[in-house]
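No value in this document is a laboratory result; all are computed from the given coordinates. Keep in mind that what you see is a predicted model, and the values were worked out from it rather than measured. Positions of Cβ are backbone-derived with ideal geometry, glycine not excepted, and every protein chain shown enters the neighbour counts.
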């Protein structure tokens, strides 16, 4: 009976564990002119200009009506050493009210843009290439939903305090390796004991089958004990 109680308590604790979620991935060349709705976070990837030449633009919106912030998870642009200002290709990031966050002529430098860019609740991301170049950039833009703290200066339940710019992110985004807070806090604070969705499912299944095994074993032992006691009393 004690073992069953311990198992039930463990299952209750397991149900409260926060699963780690990972960003949904979208490829730029398959989403030109489309809108992407960010749920937690999203990764926008540019690996080729196979859509042709000219500008490829996508619109970014928050699923939950939160603000969006963007940062470059990885960056490589092969045309950066050709000529500046940008002529063969560039990227641009902005909002309807500020469409040139990366400079008036776009960005094509050899080094990655640093920091986070506040997109409010509606962002615009553009990649441009000219017809005279057949280039293969490798760029990953991380877009995350962020929430303001409440009037008492704390994050709401289920959200993680970035301790940066008074913003919070969903707790499920912590410990996923993508640094949604931009200062790294969500990747080391409380990340020593983390369950992924798959790990939680596997562990729960293992505990369930172990629980069934204990119950069956207890029933078998109980019946054998009753038979043995009855035999002793009869003699």
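Key figures for this structure:
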item: Peptide ranges 87-95, 144-152 listed from the most packed, as the mean C-beta count within 10 angstrom indicates; result: 87-95, 144-152
item: Over segment 62-131, relative contact order from alpha-carbon pairs under 8 Å, at least 6 apart, %; result: 45 percent
item: Cα gyration tensor shape of segment 98-172, rounded if a/c is under 1.5, else prolate or oblate by comparing a/b with b/c; result: prolate
item: Residue order, fewest to most surrounding Cβ atoms within 10 angstrom, among 45, 112; result: 112, 45
item: Neighbour-count order for 129, 57, fewest beta carbons within 10 angstrom listed first; result: 57, 129
